[in-house]
Amino acid sequence: MKQLWLSLLNSARDLTPIIVVIGFFQVLILQQPLPNLASLLGGIFLVMLGLSLFVYGLEIALFPLGENMAYAFARKGNVWWLLVFAFSLGFGTTVAEPALIAVADEAANVAANGGIIATTEEAKHLYATGLRLTVALSVGFAIIIGVMRIIKGWPLQYLIISGYIGVVIMTTFAPEWIIGIAYDSGGVTTSTITVPLVTALGVGLASSIKGRNPMIDGFGLIALASLMPIIFVMVYGILVQ
């Protein structure tokens with residue numbers, strides 16, 4: 001219970017700068033009263049409560065779960081099962097990512113209005129589903145590469161540099177209308193569901209392998225998970241066109 005209250009206080013502290021900025025510009029710059037003050041305060045309280053519960057849930061469940069499974073796979077010594085788990089974790093968490101669902105639906109509507117796809121609901125649904133599956137596959141492959149990096153001790157910077165060279169090359173060939181969506185897809189994949197589990201997997205795996213430093217080798221999976229969807233989505237745009 002003490003940890004929950006601590007999480008609530010931390011969330012209130014984190015939200016305070018946002019509230020101060022909005023209040024400052026609304027009252028002093030725009031010189032207008034805050035609209036629906038009671039609803040606004042109630043909404044802020046709900047956001048603070050939800051954020052606190054979410055962070056508390058991460059600390060007591062998702063982070064320990066990811067680390068424990070990484071330890072278990074490392075002790076088992078079966079690299080193939082570890083890679084299957086890594087891919088499944090990346091794919092599953094990305095498909096369920098709320099931010100990706102929202103972006104895919106919006107991209108489908110814009111593509112229909114722009115004449116890229118048909119304006120029927122079925123066409124928009126297929127486009128949005130294809131985009132989500134493409135991003136999820138790319139994150140799954142990215143996590144596999146990240147896990148292999150931890151196991152083999154590959155330098156992260158070489159993988160990142162190579163990846164962005166691939167992004168630049170793909171940008172020259174991809175249709176113009178997909179480029180913005182591709183770059184945004186790299187950001188929305190690393191959100192509320194994906195980040196905690198993937199981070200816990202990397203740290204737990206680096207902690208359980210002899211000769212690996214969790215601080216140096218345990219992080220970097222999120223960077224790869226942000227990079228790979230950009231390339232995959234541009235390929236998806238080429239195929240759609």
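Observations on the structure shown:
- Scanning region 199-241 for residues that are within 26 Å of Glu176 (Cβ to Cβ), assigned to a helix (DSSP H, G or I) and over 14 Å from the mean Cα position of the chain (by Cα) yields Ile231, Phe232, Val233, Met234, Val235, Tyr236, Gly237, Ile238, Leu239, Val240.
- Single residue of region 110-123 satisfying the filter (assigned to a helix (DSSP H, G or I) and open to solvent by 60 Å² or more (accessible area, probe 1.4 Å)) that is nearest to Gly218 (Cα to Cα): Val110
- Qualifying residue in region 130-138 (condition: out of contact with any Lys or Arg (no Cβ under 6 Å at 6 or more places or on another chain), touching a residue at least 24 places away in the same chain (Cβ under 8 Å), closer than 19 Å to Ser226 by Cβ and not in a helix (DSSP H, G or I)): no
- Filter result for the condition that a residue is at pLDDT 80 or above and surrounded by 11 or more Cβ atoms within 10 Å (Cβ to Cβ), over Leu40, Leu58: Leu40
- Any hit, region 77-87, residues being more than 22 Å from Ser226 (Cα to Cα) and not hydrophobic (A, V, I, L, M, F, W, C): yes
- In the condition set (1) touching a residue at least 60 places away in the same chain (Cβ under 8 Å); (2) open to solvent by less than 60 Å² (accessible area, probe 1.4 Å); (3) of a type outside the set (Ser, Thr, Tyr), Asp184 is compliant with all but (2).
- Count of region 188-241 residues which are within 25 Å of Val167 (Cβ to Cβ) and without any contact (Cβ under 8 Å) to a residue 24 or more places away in the chain: 3
- Among the criteria (1) open to solvent by 30 Å² or more (accessible area, probe 1.4 Å); (2) of a type outside the set (Ser, Thr, Tyr); (3) over 17 Å from Tyr127 (Cα atoms), the one Ala206 does not fulfil is (1).
- Test: Pro196 is in a helix (DSSP H, G or I), at pLDDT 90 or above, out of contact with any strand residue (DSSP E or B) (no Cβ under 6 Å at 6 or more places or on another chain) and not hydroxyl-bearing (Ser, Thr, Tyr): no
- Qualifying residues in region 35-88 (those that are assigned to a loop (DSSP other than H, G, I, E, B) and not polar (S, T, N, Q)) - the one nearest to the chain's Cα centre (by Cα): Gly77
- Verdict on Arg149 being open to solvent by less than 50 Å² (accessible area, probe 1.4 Å), of a type in the set (Lys, Arg) and within 30 Å of Gly211 (Cβ to Cβ): yes
The values are calculated or read from the model by the stated rules, or taken from the named source; none is laboratory data. Keep in mind the model is a prediction, meaning the values are calculated, not measured. Virtual Cβ from ideal backbone geometry, glycine too; neighbours counted across all protein chains shown. To get the accessible areas, we keep the full protein, side chains included, count just its heavy atoms, and leave off ligands, DNA and RNA. Shrake-Rupley method; radii C 1.70, N 1.55, O 1.52, S 1.80 Å.
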